[in-house]
Every structure is written in C-alpha cells, then in structure tokens.
Amino acid sequence: MHIPIPSNQMLLYGIAAAAALVYFPYFFVAYERLNVGMDLSAPRAMFDKLPPYAQRATWAHQNSLEIFMIFSAAALMVYVSGTASEQTNLFVIAFLGLRFGYNISYITDIPILRSLCWATSVACIMGLMLT
C-alpha cells in the first residue's frame, strides 16, 4: 500500500493526530459535566455523578494521555534516526485507528475489543521502536 505522504512527515502528522485523539473521549465527559452542572470549585468531585459511559470516557482519556507519550517518543525516535519508511507509515496509521477503536470500545463498554485494540496499538509502538 502506497501512502502519498512522505514517511518522515507521516510521523509528525501521526503525533499531531494522536494528540487530538487524546481529547476525543473527553468530549463525552464535557457533555455530561454540562448536564450534571459544572461545579468549578470541585470539578473532580463531579466524577461520581457522571453516568457510567462518561466515567469510562474519563478513563479512556487518562489512558490516552499515558500512551501518547510513549507513541510520541517512538515516532520521534524514527524521525530523528531517519529510518522512516512505508512500514513505519503503516505502524502510525494502524496505531491511530486502533486508538480510535480503543476509545470507542472503552466508552461503549466492550472490554475484549478494548483490550485487543490496546495490545495491538502497543505492538505498533514496539514496531516503530524496532525499525
């Protein structure tokens, strides 16, 4: 599969897209916080008032923050070393798709799919690090 974006640019676009994906689940949390009523003096205390899907969205957001750092480090390793290739493009695209699937499966409470998406996205990061 040929991707018309140069491989070194794909790494940087991938980091930007992964950064945006970190906040995707948070839109669900923000929506429910508005419905519950925002308490600016204790915003974290509202967590228990959120419906289960918004609580899971919070957890998905937190996990996305954690894995974003590792993915960014791996993508920058490839970028700086100059070893970007079609293979690294595929790792980046797969990672982004899997992280989107992870967020959706976490919010909709499909644990087996969530775990598969997580494990495969970690394998994509390892693939980047090993190229």
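Before moving on, here are some points about what is shown:
- Pick from the range 68-110, criterion surrounded by 21 or more Cβ atoms within 10 Å (Cβ to Cβ) and β-branched (Val, Ile, Thr), ranking: farthest from Tyr53 (Cα to Cα): Val78
- Top-ranked residue in the range 14-70 [being farther than 30 Å from Ile93 by Cα and not in a helix (DSSP H, G or I); ranked as farthest from the chain's Cα centre (by Cα)]: Ser41
- Subset tally (residues that are assigned to a helix (DSSP H, G or I), among the polar types (S, T, N, Q) and over 9 Å from Ala60 (Cβ atoms)) for the range 85-104: 3
- Inter-residue pairs, beta-carbon under 8 Å, first under 19 Å from Ser121 (Cβ atoms) and in the range 3-28, second small (Gly, Ala, Ser) and not in a helix (DSSP H, G or I), 6+ apart: Met10/Ala84; Leu11/Ala84
- Checking each residue in the range 44-62 for being open to solvent by less than 60 Å² (accessible area, probe 1.4 Å) and aromatic (Phe, Trp, Tyr) picks out only Phe47.
- From Leu113, Leu65, residue being surrounded by fewer than 18 Cβ atoms within 10 Å (Cβ to Cβ) and touching a Ser or Thr at 6+ places or on another chain (Cβ under 6 Å): Leu113
The values are calculated or read from the model by the stated rules, or taken from the named source; none is laboratory data. Bear in mind the structure is a predicted one, so any value in this text is a computation, not a measurement. No Cβ is skipped: glycine too gets one built from the backbone with ideal geometry, and neighbour counts run over all protein chains shown. Side chains are part of the model used for accessible areas, which takes the heavy atoms of the whole protein and leaves out ligands, DNA and RNA. Shrake-Rupley method; radii C 1.70, N 1.55, O 1.52, S 1.80 Å.
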